[in-house]
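Below: the structure, in structure tokens.
Just so it is clear, none of the values below were taken in a lab; they were calculated from the coordinates. The shown structure was predicted, so the numbers you read here are calculated from the model rather than taken from an experiment. Cβ coordinates were reconstructed from backbone atoms using ideal geometry, including for glycine residues, and neighbour counts include every protein chain displayed.
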Amino acid sequence: MSAKTTLPPPPEVELERYELRETPRYRFAFDRRGFLQSLGGGIAILLAARSALPAAAQAAQESGQAFERHPIPQAIDAWLHIAPSGAVTVFTGKVEVGQNIRTSLSQAVADELRVPMSAVTMVMGDTARVPFDMGTFGSRTTPQMGTELRRASAAARNVLLNLAAKRWGCGCDVLHAAGGAVHDPAKHRSLTYGELAQGELLAETIPAHEPTTPAAEWTVAGAPAPKVNGRDFVTGKHRYTPDLKLPGMLYGKVVRPSAFGATLVAADVSAVQAMPGVHVIRDGDFLGVAAPDLLTAERAAAAVKATWHAQPQISNAGLFGFLTAHARPGREGGVHSSEGDVAAALAAAPHRVEATYHIAYIQHCPLEPRAALAVWNGGRLTVWTGTQRPFGVQEQLAQAFRMPEADVRVLMPDTGSAYGGKHTGECAVEAARLARGAGKPVHLLWTREEEFTWAYFRPAGVIEIKAGVNPDGRLAAWEMHNYNSGPAALNTMYTVPHKLEEFHPVPNAPLRQGSYRSLAACANHFARESHMDDLAHAVGLDPLDFRLKNCAHPRLHDVYLAAAKQFNWQGRRKRPRHGFGLAGGIEKGGHVAACAEVRVEPDGEVRILRVVEAFDCGAIVNPNGLRNQIAGGLTMGIGGALYEAIEFADGKILNPTFARYRVPRFRDQPQIDVVLVNRKDEPSFGAGETPIVGLAPAVGNAIFDAIALRRRDLPMAPGGKLPLTA
Amino acid sequence: MARVTHLNVNGARRALDVDADAKLLWVLRDSLDLTGTKFGCGEGQCAACTVLLDGTPRHACLTRVGEVGDRQVTTIEGLEQNGRLHPVQAAFLEVEAMQCAYCTSGMILGTVAFLRRNPHPTDPEIVAAMDGHLCRCGTYDRILAAVKLAASRLDGSAA
């Protein structure tokens, strides 16, 4: 066994509010012994949860459960199986939504286990087959699950080395693992993993701190790897949830309320009763139909005459006033972060900038709308659905139908994106309700309008900043308040002796709100980095020099320099209507700096011509996938920066179509240069979120540079044009 | 109610029995189980449902099956020939011009039709031709690269 260093534990990342309220839970109902026996033979490695509670371990012992010589702990993060055929199967609750984690986790396993990637199969997000997992969000799959699967793989490799040593009667130290086999180079003999995995199942439970291979010695990881099952996506063979079918399946349609929160007063279904094969399901305020084909289901839903009672509700016009008026003081009543005496320092600062920023509600708009296929079998329920939290949806279903979670199975096919928008299971609950009412499997696919209306939104927000700077360009004071949009990345990454930063939640926000790619880090970075730009101008410093002067984080410093070099920031030349801006940040273990060049047309149209972004997320697992995530995040960020805003009034969404809600298209795409800063000496972090945060402020600062107009609202160019006459 | 009983899809004459008012998208997906053609918006704004009608790209979500007639429908499932990817499919795979890949079928069919019309496109011509296709993951730069790679490969061939 080779000596390996252990990676330091990743720093805690901040979760969204409702995720913080979610306490870790462990499943006891699942029959692990049965599962292990179902594997037949081979070698199974179970990885004890990093967060395993003593109580859980105790419960495991008391239950007397034991397999081979090890008790099976109840808190398992992942498991891995090596079959007598040599095939490696990994079971994890993480899911694939386009962030390419199926590929990069496969790389980590292949790398640590010393097998080719083709030998590895990932079973993901099937609640009946994988250990409990809170969900795929917060950019935590790479730092946590990636590390844990490496530990499980390292343990498996050690088991194999020991088995070979025993078989040959030699010591482990003369053996090495490579290419899916254990080799004894001195004696020119080898045993494949499959040969070593013959016979009865050998199950090993390993602690969470098995040493793993340092990034400098990676072979499969750290290099580009082709997307697993990539061919299935270019041939149309991959089945997303909307593509699944069951014999006898019906197509569902929900009759939607007239407004948010509306109650069902009456439903006249007489016109539907004449339609053959159509079921009408009413349960409280829920009303829906199921029919043998989609066209009939649509016609039936349209033929239902429902009377709804709705309350008057606020509209866009009153949104921001509402948020500041209804916010709670401080985070959950307390101060989030405070150092020094900010009031006195602000009063004494020779240069002060004070401003308010507004953030609109926006939608995730995953191209695959919410979908679910539900089937009841006796008292048991099985649902396929695209969700980032299969176990969360399992719990929601169990609660909705008042049944044990053990009787609910949720399966998650690789899904047509989520961006933080698919944490919940409303479509799964609806499909299951229709299926129970109809007594047949029901397939439900939301329309785009439903997706725009009934999915949750990225929170709108108001951000107030007061800041002071000394004549030497050093920050003197910083006070920042975020109303409703969220606490993620609220703390400044710059050095300030006196500061106060508070998040003020709004408990009764007008629209249903939840996670979104990077959470509030987009909003908070936009406000902070726009403000930093103002401060740089106030003291007459170059925006880059000003940031570096106030930055004590070496890795942020490095990405700023890397982006500026690639962009030729120092060599930028002022041209009419052209502007240059930059912005940076730290979030979820990632360090990011973006430079943007824009052109503002006389009518206010903004063209983003070029973006350079440097990104450091530690040791890079898959540079090809990473580049894709960074460029994708930047492109998605253009929408929130310039165009996207949900319009609403009286509990209705007024622009629930792509024709009226502009998202970035080919013509909006700037030239994007990605600079990867690979830190093999640092743990790997995720890249699905943080790359998005630099875009809006870099573009906003470039707009200011171009036409001296400071936009403090997201989106900055609603309707596609800057408001030139405010 | 008018019915449609035959459809020419991917080189085969397929028997079915559907309402002529049904949209081609759902007939392909639900009646013929050709689920590679995706629903994204139902309003012709995302082009995830793109199919070819006699080689011309159409939004299957807006196309009544009754108006298809004897025209040849090509879906993503019809591009592969004897287990060999179409050069446009191969280019998308090679460049990895996808993330969640839900838009990929429509992108590929849009590209196939476009390159037949314009085998030597400039970048602005590709952007203009593909602008109706939405990739919410934002992989436009790679799709552009894939279209160019496919164009270079198709150059001179009959595909």
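Worth pointing out:
- Remark: the stretch A:659-672, residue by residue, has Karplus-estimated 3J(HN,Hα) of 5, 10, 10, 7, 10, x, 10, 3, 5, 8, 6, x, 5, 10 Hz, where x stands for each Gly or Pro and the curve is 6.51 cos²θ - 1.76 cosθ + 1.60 at θ = phi - 60°.
- The stretch A:345-403: proportion of alpha-carbon pairs further apart than 19 angstrom, %: 59 percent
- For the pair A:GLN273 and B:ARG116, label points projected 7 Å from Cα toward Cβ lie 5.2 nm apart.
- Kirkwood Rh, Cα atoms: Rg over Rh of chain B: 0.97
- Additional length obtainable on full extension of the chain from A:ASP681 to A:HIS326, 0.36 nm per residue less Cα span: 123.2 nm
- In units of the compact-protein estimate 2.2 N^0.38 Å, the stretch B:114-159 shows a Cα radius of gyration of 1.15.
- Simple Cβ-charge dipole of the protein assembly as shown, Lys/Arg +1 and Asp/Glu -1, about Cα centre, in debye nearest 20: 940 debye
- In a simple Cβ point-charge model (Lys, Arg +1; Asp, Glu -1; nothing else charged), the stretch B:3-75 has a dipole of about 140 debye relative to its Cα centre.
- Shape of the protein assembly as shown, Cα gyration tensor, a/c cut at 1.5: rounded
- Considering only A:LEU582, A:MET117, A:VAL97, the residue lying farthest towards the positive end of the dipole of chain A is A:MET117, judged by Cα position with unit charges set on Cβ.
- 18 Å Cα-Cα threshold exceeded, pairs from A:LYS549/A:LYS588; A:LYS166/A:LYS187; A:LYS440/B:LYS23; A:LYS565/A:LYS680; A:LYS253/A:LYS440; A:LYS237/B:LYS148: A:LYS549/A:LYS588; A:LYS440/B:LYS23; A:LYS565/A:LYS680; A:LYS237/B:LYS148
- Leading residue at positive end of dipole, the stretch A:410-538 (Cβ point charges), from A:TRP446, A:ALA460, A:HIS481: A:TRP446
- The stretch A:572-711 - charge dipole about Cα centre, Lys and Arg +1 at Cβ, Asp and Glu -1, debye rounded to 20: 500 debye
- Sequence-distant aspartates and glutamates (8 or more away, or on other chains) whose Cα lies within less than 14 Å of A:LYS466: A:ASP341, A:GLU354, A:GLU479, A:GLU501, A:GLU502, A:GLU529, A:ASP533, A:ASP534
- Long-range amide H partners of A:CYS365 with built H, under 5 Å: none
- Over the stretch B:3-75: Kirkwood hydrodynamic radius from C-alpha pairwise inverse distances, Å: 11.8 Å
- Ranked by how many other Cβ atoms sit within 10 Å of their own Cβ, fewest first, the residues A:MET532, A:MET403 fall in the order A:MET403, A:MET532.
- Legend: calculated FRET efficiency, A:ARG189 to B:ARG153, from the Cβ-Cβ distance at R0 = 41 Å, rounded to 0.05, equals 0.30.
- Percent antiparallel among DSSP beta bridges (both partners in chain A, rounded to 5): 75 percent
- Normalised contact order of the stretch A:135-248, rounded percent, pairs of Cα under 8 Å and 6 or more residues apart: 21 percent
- Percentage relative contact order, chain A, counting C-alpha pairs under 8 Å, at least six apart: 14 percent
- Computed extension length for A:SER258-A:ALA708: 157.6 nm, one decimal, from 0.36 nm per residue of separation with the Cα-Cα distance subtracted.
- Karplus-derived HN-Hα couplings along the stretch A:363-380 (A = 6.51, B = -1.76, C = 1.60, θ = phi - 60°), whole Hz, x at Gly and Pro: 10, 6, 6, x, 5, 7, x, 4, 8, 7, 10, 10, 9, 9, 9, x, x, 9
- The residues A:ILE314, B:ILE76, A:ILE707, when put in order of fewest to most other Cβ atoms within 10 Å, stand as A:ILE314, A:ILE707, B:ILE76.
- Ranked list, fewest to most other Cβ atoms within 10 Å of each Cβ, for A:TRP478, A:TRP446: A:TRP446, A:TRP478
- Dividing the mean sequence gap of close Cα pairs (under 8 Å, 6+ apart) by how many residues the stretch A:87-179 holds gives a relative contact order of 34 percent.
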